[in-house]
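In what follows, a single structure is set out as C-alpha cells and then discussed.
Any read-out appearing in this document is the output of simple, stated calculations on the displayed coordinates, not a laboratory observation. Every value quoted in this text rests on a predicted model; they were computed, and no experiment measured them. Reconstructed Cβ throughout: ideal geometry from the backbone, glycine too, with neighbour counts over all protein chains shown.
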Amino acid sequence: GAGVSQSPSNKVTEKGKDVELRCDPISGHTALYWYRQSLGQGLEFLIYFQGNSAPDKSGLPSDRFSAERTGGSVSTLTIQRTQQEDSAVYLCASSLARTRQETVSYGYTFGSGTRLTVV
Amino acid sequence: AQSVTQLGSHVSVSEGALVLLRCNYSSSVPPYLFWYVQYPNQGLQLLLKYTSAATLVKGINGFEAEFKKSETSFHLTKPSAHMSDAAEYFCAVSDLSGKLIFGQGTELSVKP
C-alpha cells in the first residue's frame, strides 16, 4: 500500500481482556518495528522484525505481550490480560532496510497508530 | 547507553516568531540524530537527520538543526513559525545498530 496502515485506529477494552493490534507495512518493506507511546512519555521500542523473524524483542514489557509477522508482511501485536497501564498509542513503522544498520540511511515510515484504552 | 533529553514538554510561540526546540543527547559513539514531527492523529514524519556529514542539517518545511558535539546538542530551529507547525516534535538518537532512542517529545503551539 501507499503507507503503513494500522487497525483499529481506536480500541477500548476491559481490563483482563486480550487485544490484537494489526500493522500492514508498505509493500516490499522487510523491516517492521512496534513502538509504544504513553501519555507524557516518548516512544518506547517494543520489537523489531526483519522478514518473519524478530531479532530484537528486548522492548516487550512483559510476557503478556507478543508479536508475530507472517509472509514478511502483516504483523499482529497481541496483549493478553490487558492492564490499565497498557493504555497507550501503539505505533508501527516499516523500512526498506535489509539490516537494522541500514535504517539510518533508509529511515522509517510510521503508521498513524492504534490508541488503546483499557478501562 | 544512548539517551535523549528534550528540554520543555511544551513550547508556545507567536506566528512569525523564531522556533527553537532543544535536544541534548548522550552517546558513547558518534551518534546519528533525527527530528520527527507528529501531527494530531498521524504517525511520525522525518523532518531531518544528521549522519556525520555537514553539522548544519536542513529539513522539510523550513526547519533546520545544528549538531554541536561540544555541547552534545541537536536543537531544532525555524526562523518564522506558521500555524501549521503546531505539532509534537521528537528528537531521536541512534548508533550503528540502527536502534532509535526517542526523547519525550515537545509539543509546539503557535499563537496567531
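Computed on chain A, with alpha-carbon pairs under 8 angstrom and 6+ residues apart, the relative contact order is 36 percent. Only helices enter the 222 nm calculation for chain A: every DSSP H run of n ≥ 4 contributes -39,500 (n - 2.57), and dividing by all residues gives -500 deg cm²/dmol, rounded to 500. Computed over chain A with a Gaussian network model linking Cα atoms closer than 10 Å, the most mobile of A:Gly40, A:Gly28, A:Gly51 is A:Gly40.
Taking a ≥ b ≥ c as the square roots of the eigenvalues of the Cα gyration tensor, segment A:19-119 is classed as prolate, since a/c reaches at least 1.5 and a/b is larger than b/c.
The charge dipole of the protein assembly as shown, taken about the Cα centre with unit charges on the Cβ atoms of Lys, Arg (+1) and Asp, Glu (-1), comes to about 140 debye, rounded to the nearest 20. Taking the protein assembly as shown, each Cys residue has a second Cys beta-carbon under 4.7 angstrom.
Cut-off 10 angstrom, C-alpha nodes, Gaussian network model of chain A. Which of A:Gln80, A:Gln41, A:Gln50 fluctuates the most? Among A:Gln80, A:Gln41, A:Gln50, the largest mean-square fluctuation in the Gaussian network model of chain A belongs to A:Gln41. Between B:Val37, B:Val29, B:Val93, the Gaussian network model of chain B with springs among Cα atoms under 10 angstrom shows the greatest mean-square fluctuation at B:Val29.
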